[in-house]
Amino acid sequence: MSILPVQDPADARLEAYRSVRERDLAGRQGLFVAEGEVVLRHLIGPRSRFGVESILIAESRLAGLEADLMPLSVPVYVASQTVMDAIVGFPIHRGILAMGRRGSASAASELLAGPRPGDVLLAAVGIGNHDNMGGLFRAAAAFGARAVILDATCCDPLYRKAIRVSVGAGLIQPFVRLEAGQDVAEVLKAAGYDCWALSPSGPERLRDAVPVGATALIVGSEGPGLPDAMLARCRRIAIPMARGFDSLNVATAAAIALHHLAADV
């Protein structure tokens, strides 16, 4: 580990960390931001699917992480809380940031190959809210989903807020984004998965649904839900709710269904 003290907020070495919120919108050319201790531990841990470029940490947080950072061969910039806030552009209360490398995207054919009975995938269609995206990854990791499949219209699971809401699950959970024009249900059925589409109007109740072979749970955006054509090609599964209220957050609904499907929790 190379500890590099920083005293000047204008230090050129910290350019990647400057004005974090503005960079969230502009993009980072192959990098992403990991924020907070739990997320950092996932990024540098043995299950991480991504590399780390550098770390920026407040002086007060260094002692608690030094043993974990010691094996790393990347620069660890250490600054006072005041200097760190000035670099980032807002009070960064967690005091821990890191730059991760995106790397090469996984191929759907590799991730979907060899489905086995009991395997569960989570597939998302049209999810545009980063809080929901992070919640979906968190649920997928919690209930042992083999992977997460995203259609081309979904938002970025490596956006800073999505990673933070996922509590780092987006860094350890395998995922793939399909290409524009690829239909999620068609791809999954062709790979040998029994497709379950969550829908309030589904004729099959979740508590009664029995998996057959490997299962792909498909969820859509809140409001529009899944396209009718996709619903027609899947088992339509409903989560019964109290009379007069039929709206669960998509991440909550996915978590309930994944728990139903989970074999090892």
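Structural remarks
- Within the stretch 8-67, considering residues that are touching a Pro at 6+ places or on another chain (Cβ under 9 Å) and among the β-branched types (Val, Ile, Thr), the one surrounded by the most Cβ atoms within 10 Å (Cβ to Cβ): Ile55
- Options Gly114, Gly103: the member that is more than 22 Å from the chain's Cα centre (by Cα), in a loop (DSSP other than H, G, I, E, B) and small (Gly, Ala, Ser): Gly114
- Of all residues in the stretch 135-161, exactly one satisfies the criterion of being part of a helix (DSSP H, G or I), surrounded by 24 or more Cβ atoms within 10 Å (Cβ to Cβ) and free of Cβ contacts under 8 Å to residues at least 60 places away in the same chain, namely Phe137.
- Among (1) surrounded by 12 or more Cβ atoms within 10 Å (Cβ to Cβ); (2) modelled with pLDDT under 90; (3) among the polar types (S, T, N, Q) - the single one Thr252 does not satisfy: (2)
- Scope the stretch 59-88; condition more than 24 Å from the chain's Cα centre (by Cα) and under 16 Å from Arg18 (Cβ atoms); matching residues: Pro75, Tyr77, Ala79, Thr82, Val83, Met84, Asp85, Ala86, Ile87
- Positions within the stretch 207-235 being touching a residue at least 12 places away in the same chain (Cβ under 8 Å), part of a loop (DSSP other than H, G, I, E, B) and of a type in the set (Val, Ile, Thr), in sequence order: Val212
- Strands (runs of 3 or more DSSP E) (entirely within the stretch 7-88) containing at least 2 residues that are under 30 Å from Cys155 (Cβ atoms) and β-branched (Val, Ile, Thr): 51-58
- Residue match in the stretch 3-11 (condition: closer than 28 Å to Ile172 by Cβ and in contact (Cβ under 8 Å) with a residue 12 or more places away in the chain): yes
The values are calculated or read from the model by the stated rules, or taken from the named source; none is laboratory data. In this text, all values refer to a predicted model and were calculated from it rather than measured experimentally. Cβ sites come from the backbone with ideal geometry, for glycine too, and all protein chains shown count toward neighbours.
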